[in-house]
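**Q** Just dropping this structure here.
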Amino acid sequence: MAIRNIRKNDDPILRKVSKTVDKIDDKIKELIDDMAETMYNADGVGLAAPQVGILKRVIVIDIGGGLIELINPEILSEKGKQIDIEGCLSVPNVTGKVERPERVKVKGLDRNGEEVIIEAKGLLARAFCHEIDHLNGILFVDKLIEE
């Protein structure tokens, strides 16, 4: 495992749409491991592959309940709304209020290619939305309702 460089807000890769992972091989598993180590090293709660310069649809999240790794994640449904402060490892020293769904249902693949469906609420729902936005070239600062 290795700690990778986190791309910052003016890096053009952060504005590109990530490609679907067609094959889960050792390279993808190494990416997941490196992303987790990078996220923990930076005291983050989530990281998307574009943040380490890789345009693949891969995210890792840990809000304190253990590591979640998802390949090709997609939001199946959203309910309610919540407004809270967000920050981002790619946009250092900036925080602001962002509206997100209170609950989401997310589908993706685990590192073994098995389909996973996760129902999340609160901070975990927010983290999923934030990281999946990264896969679509969207940063939280694009959604700020108040700085």
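The values are calculated or read from the model by the stated rules, or taken from the named source; none is laboratory data. Bear in mind the structure is a predicted one, so any value in this text is a computation, not a measurement. Backbone-built Cβ (ideal geometry, glycine too); neighbour counts: all protein chains shown. Ligands, DNA and RNA are stripped out before the accessible areas are found, and what is left, the full protein with its side chains, is counted by its heavy atoms. Shrake-Rupley method; radii C 1.70, N 1.55, O 1.52, S 1.80 Å.
**Q** Are there any pairs, at least 6 apart or on different chains, whose C-beta atoms fall under 7 Å, with the first in segment 6-30 and under 17 Å from residue 48 (Cβ atoms) and the second part of a helix (DSSP H, G or I) and of a type in the set (Ser, Thr, Tyr), and if so, which?
**A** 6/38
**Q** Quick one: would you say residue 114 is open to solvent by 70 Å² or more (accessible area, probe 1.4 Å), farther than 18 Å from residue 17 by Cα and without any contact (Cβ under 8 Å) to a residue 12 or more places away in the chain?
**A** Considered against the rule, which asks whether it is open to solvent by 70 Å² or more (accessible area, probe 1.4 Å), farther than 18 Å from residue 17 by Cα and without any contact (Cβ under 8 Å) to a residue 12 or more places away in the chain, residue 114 comes out as yes.
**Q** Please work out if residue 108 is part of a strand (DSSP E or B) and either open to solvent by less than 70 Å² (accessible area, probe 1.4 Å) or under 18 Å from residue 6 (Cα atoms) (or both).
**A** It is true that residue 108 is part of a strand (DSSP E or B) and either open to solvent by less than 70 Å² (accessible area, probe 1.4 Å) or under 18 Å from residue 6 (Cα atoms) (or both).
**Q** Report whether or not residue 10 is modelled with pLDDT under 95, among the acidic types (Asp, Glu), surrounded by fewer than 13 Cβ atoms within 10 Å (Cβ to Cβ) and over 14 Å from the mean Cα position of the chain (by Cα).
**A** yes
**Q** In segment 13-42, what residues are in a helix (DSSP H, G or I) and open to solvent by 90 Å² or more (accessible area, probe 1.4 Å)?
**A** Within segment 13-42, 15, 26, 27, 30, 40, 41 meet the criteria.
**Q** Would a scan of segment 87-94 turn up a residue that is more than 24 Å from residue 33 (Cα to Cα), open to solvent by less than 20 Å² (accessible area, probe 1.4 Å) and modelled with pLDDT of 95 or more?
**A** Looking through segment 87-94, none of the residues is more than 24 Å from residue 33 (Cα to Cα), open to solvent by less than 20 Å² (accessible area, probe 1.4 Å) and modelled with pLDDT of 95 or more.
**Q** Scan segment 43-56 residue by residue and report those that are assigned to a strand (DSSP E or B) and of a type in the set (D, E, K, R).
**A** The answer is 56, and nothing else.
**Q** Given the conditions (1) farther than 20 Å from residue 115 by Cα; (2) more than 13 Å from the chain's Cα centre (by Cα), which single one is not true for residue 52?
**A** The one condition residue 52 does not meet is (2).
**Q** Another one. So which of 75, 3, 71 is open to solvent by 50 Å² or more (accessible area, probe 1.4 Å), modelled with pLDDT of 95 or more, hydrophobic (A, V, I, L, M, F, W, C) and within 13 Å of the chain's Cα centre (by Cα)?
**A** Being open to solvent by 50 Å² or more (accessible area, probe 1.4 Å), modelled with pLDDT of 95 or more, hydrophobic (A, V, I, L, M, F, W, C) and within 13 Å of the chain's Cα centre (by Cα) holds for just one of 75, 3, 71, which is 75.
**Q** Take the residues in segment 37-49 that are without any contact (Cβ under 8 Å) to a residue 40 or more places away in the chain and within 15 Å of residue 7 (Cα to Cα), then tell me which one is farthest from the chain's Cα centre (by Cα).
**A** By that ranking, first place goes to 41.
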